[in-house]
Amino acid sequence: MYGGTVLQAGGSGGIVPEGSRAEIFSQIFEVFVALGALVGVVVLSYMLYNAYKYRDHDGRADEDEYERPVLGEIPTGGGHGRKLLLSFTISAVIVVSLVLWTYGALLYVEQGAAAAQPEPDTAETMTIEVTGYQYGWKFTYPNGERVDGTLRVPEGKEIRLKVTSEDVFHNFGVPALRVKTDAVPGQTTTTWFGPAEAGEYQAQCYELCGAGHSFMVADVIVMEQSEFDQWYENMGNNTTSGGSNSSVSHPAATEVRVVA
Ligand code: CUA
């Protein structure tokens, strides 16, 4: 019921795509694929057209009217460089527009939504602190409750993350939600994602951080708003949501810690 309404204040009629990260990145992907396909079709068609036009057939290719290039001579093309100029111009326009457009979209991703102002929360946002450690993730909610290993969020909200680490460099990322940011000890990085569709996703560490790096995962569960509210209200009573790490230690976690 909340989906799609969160970012409407930013307007939706502009050239630069707006919405959740997933939507923006899929739009960038689609535009690049569409333009790439278009350019490919034009180039290949023109190539085939010329291959056909200048085919060696009944000896016609030897006739002067075809202006075959001669070794050692620069072909004139007969158009005073018009074709060359045209293709350069079109290429430049396409490439420059793509650069500007993509830059605008990424600027929106980095600054436009939550990243610039992670706090305070509004009715449409929720800020969650993410703490990486060797080897797992802890999530601290606005109510002060901390959960280890599972991030639960409501589907309709824009989720703002404040990410840090308590030991070495990590990197928190959820590929399906197109969100990824550094987790650095002593620093807080902010990022955001959503509104996301209800479902289960996986977060993973993306910075080689030790022997247990590849096991440094967390579940990301996007819940329906009412379901989430119910869970959130009962959080304090849930004894399994404490900050104890002992229950999640992985065999690999017993290996040498590189940095104290
Ligand atoms: Cu933490 Cu890799």
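Values for this structure:
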| read-out | value |
| --- | --- |
| Highest to lowest packing among 85-97, 161-173, 218-230, scored as the average C-beta count within 10 Å | 161-173, 218-230, 85-97 |
| Extension gain (nm, one decimal) between Ala51 and Ser214, 0.36 nm per residue minus Cα-Cα | 53.5 nm |
| Protection proxy ranking, peptides 194-200, 152-158, average beta carbon neighbours within 10 Å, highest first | 152-158, 194-200 |
| Stokes-Einstein translational diffusion, the range 97-233 - Kirkwood Rh over all Cα pairs, 1.002 mPa s, 20 °C, in µm²/s | 140 |
| Lysines with Cα under 21 Å of Lys162, excluding same-chain neighbours fewer than 8 positions away | Lys138, Lys180 |
| Glu224 versus Glu110: modelled label distance in nm, points set 7 Å from Cα along the beta carbon direction | 3.9 |
| Protein accessible area in the range 123-181, 1.4 Å probe - carbon and sulfur % | 44 |
| Charge tally in the Cβ shell below 14 Å around Gly104, where Lys, Arg are +1 and Asp, Glu are -1, Gly104 excluded | -2 |
| Val96-Ala198 pseudo-label distance in nm [points 7 Å out on the Cα-to-Cβ vector] | 4.9 |
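The values are calculated or read from the model by the stated rules, or taken from the named source; none is laboratory data. Because the structure is a prediction, the values reported are computed rather than measured. Virtual Cβ from ideal backbone geometry, glycine too; neighbours counted across all protein chains shown. Side chains are part of the model used for accessible areas, which takes the heavy atoms of the whole protein and leaves out ligands, DNA and RNA. Shrake-Rupley method; radii C 1.70, N 1.55, O 1.52, S 1.80 Å.
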